[in-house]
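Student: Have a look at the structure that comes next, please.
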Amino acid sequence: MKTIADIAAELQGYDPQSLPATTVNSFLSHLVEPVTSHEEVDVFHALGRVLSHDVISPISVPPHDNSAMDGYAFDGAQLTKTNKLNLRVVGTALAGKAWQGKTGPGECVKIMTGAIMPAGLDTVVPQEFVTRHTDQAQAGPSSGADAIAIPPGLLQAGDNRRKLGEDVMKGRPALQKGELLTPAALGLLASLGIEKISVWRKLRVAYFSTGDEILSLGEPPREGAVYDSNRYTVFGLLTRLGCAVIDMGVVRDEPAQLEAAFNRAAGEADAIITSGGVSVGEADFTKAMMQKLGDVAFWKIAMRPGRPMAVGRIGKSVLFGLPGNPVAVMVTFLAFVRPALLQMMGCKARPTPLLKARSLEALRKKPGRTEYQRGTVTTAPDGSLQVKTTGNQGSGVLSSMVQANGLIVLHHDQGNVAPGDEIDVMMFDGII
C-alpha cells in the first residue's frame, strides 16, 4: 500500500499548499482501493449497487423475430418503388403464441406488437399506413376476403421487425463488472429472467462533524453556536450514493473525544468523512489527532469554495477531512469525494459529464484556481442551455444550493466570463 509521500512523489508539480483541482482527483485515484468482497441480492434490492461480475445472458432478447408494430406482416421482397402492393389477409398473429398458418405470394398476416413473425415474412407495415378493401378475386357470393394496399416508397424490406437477440444475444455479456445498477439495468436483468445478482458489498462510511460551536437537532440555541447542517447533507449524499452510513454525530474539540471517534470510525468503516477543523487558524485538535493516528496530508486546493481539505488513512480507512462551511462541504464532496467513493465501491471510472451552457451574466474569475458557482440552468427559446448564478456565492449560503440545479465550473486557467460566453455546468440531478 502506497504512503501519502509515495503518491505525492509520483505526481508532477505536487504542491500541497496550492493544489489544482485536477491533481486532487488524480491523487485520490491512487489513494483509494475498491472493496473486495461481494454478496448476492435479488433484483428488487439491487438498485444503486455495483456489479461484482459480468452478467452473461442466459437467453436471447427478444427470443425470436417479432413485430415492432400493430400492422400486417409480409414478405418484403414484393415491395417496389413505383407500384402499390396489394395483399390478401390470410390470418392473425397474436402476441404470446406462434401463428401456425402458411402464406404464399400476395398474402399477408395481420399481426400484433410483440407477436412472433410468421415463417417467411420479414416486414411489417403499420396498420395506419394501409388502405383496407375487399379482395374481389377471392370474394364468394355472400362475403369478401380482407385485403390491404400499401403505398409505394413507404417501406423497405425488414422494416418494423425486431430481430432475435437484437437487444441481448444468449451467451454474451449483458452488463459488465463495475456497472452501477440503474432502474434501466434492473429492467434489463428482469428481461433476462435473472432473479439474483452478485454485487460488491456496500461501502461503509463513517461521518461526524467537529467543533464546540456545533449544535445537534433538539439542543436549545445558544450564543455563538450554529445547528449542524453538514451532518444531514453528507448523510443524504452518502445515502443516495448507496453507502452504508455510520452516523457518529458531533464530536467536540477535545482530544480524548476526537481520538475515540477516529478510532471507532477506523475500526468500523472503509472511509471516514469529517467536516471542520482543517482550516488554518482553527483549533488544531482535529488536525493534530489526524496526524497522530494516521498518514494524513493537509491541502490548500486552488479552488473556490472549499480551499482546505485533509486526506489520508487512519488504519485501513481512507480519510476525507472536509472544510466546515456548508457549501464548501457539498462542493468538495461532489468534485472529489464522490468520484473516490465510487472507485472504492468497485464502480468503473466515469467522470461526471459537464454540459455546455451560455452564461446570462458577466462572471468575475481569476486564473489560477477552479471556481464552482451555484447556477440555475434553463432552456433558451432556441433549445440551447443557458445558465445564471443564484446570486450570493458565499460558502455559508446554504439556500443557494437548494435554489441551484447545477454548478457552474470555471476552470483553473479560465478568466472572466462575458454574457453569452459558453461555460461548463455540472448538473445535480441524480446526485443531490
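Please treat every number below as a calculation from the coordinates, not as lab data. Treat the numbers as computed from the prediction; the structure is a model and nothing was measured. As a convention, Cβ positions derive from the backbone with ideal geometry for all residues, glycine included, and neighbour counts pool all protein chains shown.
Student: If I take R0 = 30 Å and measure r between the Cβ atoms of Gln257 and His30 in this structure, what FRET efficiency does the formula 1/(1 + (r/R0)^6) give, to the nearest 0.05? Please list the in-between numbers first.
Tutor: Values: r = 32 Å, r/R0 = 1.06.
In this case the efficiency is close to 0.40.
Student: Where does the chain land at 222 nm, in deg cm²/dmol rounded to the nearest 500, when only DSSP H runs of n ≥ 4 count, each adding -39500 (n - 2.57), divided by all residues?
Tutor: Details: 9 runs with 81 residues, N = 432.
Calculated at 222 nm, the ellipticity per residue is -5500 deg cm²/dmol.
Student: Gain in length, Val41 to Lys300, computed as 0.36 nm per residue apart minus the alpha-carbon separation, to one decimal in nm? Don't skip to the answer; put the middle values down first.
Tutor: Details: separation 259, 0.36 × 259 = 93.24 nm, distance 4.18 nm.
In short, 89.1 nm is gained.
Student: Okay, next question. To test your reading of the geometry: what angle, between 0 and 90 degrees and rounded to tens, separates the Cα axis of helix 230-241 from the longest principal axis of the chain?
Tutor: Helix 230-241 sits roughly 30 degrees off the main axis of the chain.
Student: Distance between Cα centroids, the stretch 382-403 to the stretch 172-206: provide it in whole Å.
Tutor: Computed from Cα coordinates, the inter-centre distance equals 35 Å.
Student: I've got another one for you. Tell me the Rg and the Dmax, in Å, that the Cα atoms of the chain produce.
Tutor: Over the chain's Cα set, Rg and Dmax evaluate to 30.6, 103 Å.
Student: Just list whichever of Lys97/Lys170; Lys170/Lys202; Lys2/Lys300; Lys110/Lys170 have alpha carbons separated by over 27 Å in the model shown.
Tutor: On the way: Lys97/Lys170 21 Å; Lys170/Lys202 30 Å; Lys2/Lys300 22 Å; Lys110/Lys170 29 Å.
Exceeds cut-off: Lys170/Lys202; Lys110/Lys170.
Student: Additional query: Run the simple label-point estimate for Arg172 and Thr134 please: 7 Å along Cα→C-beta, distance reported in nm.
Tutor: In this crude spin-label approximation the distance works out to 5.0 nm.
Student: Another question about this same structure. Please list 6-19, 395-408 highest first by mean number of surrounding beta-carbon atoms within 10 Å per residue. Show your work: numbers first, answer last.
Tutor: Numbers: 6-19: 13.0, 395-408: 18.4.
Per-residue mean Cβ counts within 10 Å order the peptides as 395-408, 6-19.
Student: Under 5 Å between amide H atoms, partner at least 5 residues away or on a different chain: which partners does Val318 have, H built in plane at 1.01 Å?
Tutor: Ala271, Ile272
Student: Just to be sure I understand the model, the point goes 7 Å from the Cα along the line to the Cβ. What's the resulting Val402 to Ala8 distance in nm?
Tutor: With each label placed 7 Å out from Cα toward Cβ, I get 4.1 nm.
Student: Can you give me the C-alpha center-to-center distance between the stretch 228-255 and the stretch 78-127, rounded to a whole angstrom?
Tutor: For the stretch 228-255 versus the stretch 78-127, the Cα centre distance is 61 Å.
Student: Sticking with this one: How long is the gain from Arg350 to Ala77 if the chain were fully straight, where each residue apart is worth 0.36 nm and the alpha carbon distance is subtracted?
Tutor: Working: separation 273, 0.36 × 273 = 98.28 nm, distance 4.56 nm.
Taking Arg350 through Ala77 to full extension adds about 93.7 nm, to one decimal.
Student: Between helix 255-268 and the chain, what is the angle of the helix's C-alpha long axis to the longest principal axis, kept within 0 to 90° and rounded to the nearest 10?
Tutor: 30
Student: Quick check: the angle from helix 21-31's long axis to the longest principal axis of the chain, C-alpha only, nearest 10 degrees?
Tutor: 90
Student: Loop-only trypsin sites (Lys or Arg not before Pro) in the stretch 323-418, please: DSSP not H, G, I, E or B, and at most 16 other Cβ atoms within 10 Å. Write down the numbers at each step before the final one.
Tutor: Numbers: sites: Lys348, Lys356, Arg358, Arg364, Lys365, Arg369, Arg374, Lys388; in loops: Lys348, Arg364, Lys365, Arg369.
Answer by residue number: Lys348, Arg364.
Student: Here is a further query. Less than 14 Å Cβ to Cβ from Ala244, Lys/Arg counted +1 and Asp/Glu -1: what total charge do the surrounding residues give?
Tutor: Numbers: positive: Arg49, Arg201, Lys202, Arg204, Arg240; negative: Glu39, Asp247, Glu268, Asp270.
Residues near Ala244 contribute +1 overall.
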